[in-house]
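Since the structure comes first, as structure tokens, the remarks are kept for the end.
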Amino acid sequence: MTNQTNLIDLDALIAEHGIVGAQVAVLHNGEVVDVAAGVLNNVTNEKVTSTSAFQIGSITKIWTATLITQLVNEGMLDLDRPVRDVLPGFEIADEKAAKTITPRHLLTHTGGFDGDLWFDTGAGDDKVEKYVGLMADARQVVEPGELYTYCNSGFVVLGRIVEVLRGKTFHEAVKEHIGTRRLGTVATTFAEYADQTVATGHLGKDLEPAGKFLTEAAVPAGTVLAMSARDLVEFARMHVESDEFAAMREVQFALPDFGLGGSQGLGWVLQTYPDGRKGMGHTGMTLGFEASLRVLPEDGLAIAVLTNGGESLPLVRAVQAKVLGDLVGSKPKSLPAPPLVRVPVDVEKVVGVYRSAGLEAHVSEGDGGTVRMRFVALDEVWEALVDDEEHEYTGLRDDALISVREQDGYHPVLVLCGRDEQDRVKYLHWGRAAVRV
């Protein structure tokens, strides 16, 4: 392969988009090339290198799903039997749901219960077990299997299933069954960060270094794993060069239509490119880090982009467009944009307060058939991740709104799901289904 990353001027891209530091790695036809730019921390100004480690956030869910698929392939787990077959003590607030939720529900974000729970249970070997033990009050938002709603806590439960069936901690299972010992930069616990050069995440418009991490207990959902972009695409090689995990890229559930298409596989988000190519991917976000992984197995291609602060989406899309265009003659799907003629919103049916775990959306009437929405954080994690500014939304479709102005490099879409007894929108969906309160 031509050294594709030599054709990517990453220094120019991070300057253009205000990114603190970044890595890009590309796997194509068995060969990996990478490039790094920027700094690990904008106070110390230490340079990013190809062996620096960045948190990958929720891309970790693909690692967890891979461990689960190995158990299925070995006949140790049935995805369609209740979670309680393996974890008899699994409890959430809705006992009926707790008895029926399966690993397949968890892998596809269709368990329907509160997903953003940040229990801090320490750093001991029992941290994941303790986290699951604290889920008894997790609220059931929708019935299991009814609606996709992103669920971090469901992947912590999957991590606990791995621990019980393997008889070892989650981080030990990652090392032994995914083989991270051959990958030079992977850290699976915060303690292991001391053995790596780990970037610092940067938050807010002022790009201030984050002073903390998310809870270690949610490691199977994506709060801990850190590595280089090169090692991330080396992990992706398992999904490019083998059919062992082909079941993970079979369509399981339709995603709400946020204007990008796609469907949900087992862990993976499945994508069809404008030229008909099939691929899958995942993104990740922690406190000050954003990560992207895109994989096209039939083309032998994987693209990883890791950043540690700034508006990363325009950079990610520029990298993907360059690599896809030059190597396989493809391109990313266009992002949704507001219609040229505004679509009026049925304001009375939409205005209100919608709540998910840790976050509320307050929707009020705007001007000329629009609405305004602002997020209100209910915990310190969401306080760090969302702004409290009011944003104007217009209609995109009968069942969706779109932000009039760009936010973080794109126009967010809100999908309107269900109706309550007064024929008002019941769920406001931005990846999480927030219920009207």
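The values are calculated or read from the model by the stated rules, or taken from the named source; none is laboratory data. All of these numbers come straight from a predicted model, not from anything done at the bench. As a convention, Cβ positions derive from the backbone with ideal geometry for all residues, glycine included, and neighbour counts pool all protein chains shown. Side chains are part of the model used for accessible areas, which takes the heavy atoms of the whole protein and leaves out ligands, DNA and RNA. Shrake-Rupley method; radii C 1.70, N 1.55, O 1.52, S 1.80 Å.
A compact table of results
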| read-out | value |
| --- | --- |
| Per-residue SASA entry for residue 95, accessible area with 1.4 Å probe, Å² rounded to 10 | 90 |
| Peptide ranges 287-300, 268-281 listed from the most packed, as the mean C-beta count within 10 angstrom indicates | 287-300, 268-281 |
| Relative contact order [Cα under 8 Å, 6+ residues apart], the range 138-278, whole percent | 18 |
| Three-way shape label, the range 3-109, alpha-carbon gyration tensor, a/c 1.5 | prolate |
| Solvent-accessible area per residue for the range 132-228 (1.4 angstrom probe, square angstrom) | 36 |
| Value of D in µm² per second that Stokes-Einstein yields for the range 207-308, Kirkwood Rh from Cα pairs, at 37 °C (0.692 mPa s) | 219 |
| Kirkwood-type radius of the range 351-421, with distances r between different C-alpha atoms, in Å | 12.9 |
| Contact order relative to length of the range 57-131, as percent, for alpha carbon pairs under 8 angstrom and 6 or more apart | 20 |
| The chain, accessible surface, carbon-and-sulfur percent (1.4 angstrom probe) | 47 |
| Relative contact order of the range 1-136, pairs being alpha-carbon contacts under 8 Å that are 6 or more residues apart, as % | 14 |
| Partners for residue 426 among lysines (Cα-Cα distance below 25 Å; same-chain residues under 8 apart left out) | 96, 349 |
| Heavy-atom SASA rank of 47, 99 (probe 1.4 Å, accessible area, largest first) | 47, 99 |
| Cα gyration tensor, the range 68-213 - rounded (a/c under 1.5), prolate or oblate | oblate |
| Kirkwood hydrodynamic radius (C-alpha pairs) into Stokes-Einstein, the range 302-437, 25 °C and 0.890 mPa s, D in µm²/s | 149 |
| Residue 76-residue 15 pseudo-label distance in nm [points 7 Å out on the Cα-to-Cβ vector] | 5.1 |
| Tensor-based shape of the range 152-211 (alpha-carbon gyration tensor, a/c under 1.5 rounded, otherwise prolate or oblate) | oblate |
| Over the chain, equivalent-ellipsoid semi-axes from the Cα gyration tensor in Å | 31, 28, 21 |
| The range 354-394: proportion of alpha-carbon pairs further apart than 16 angstrom, % | 37 |
| Coordinate range along principal axes, alpha carbons of the range 137-275, Å, largest first | 42, 41, 41 |
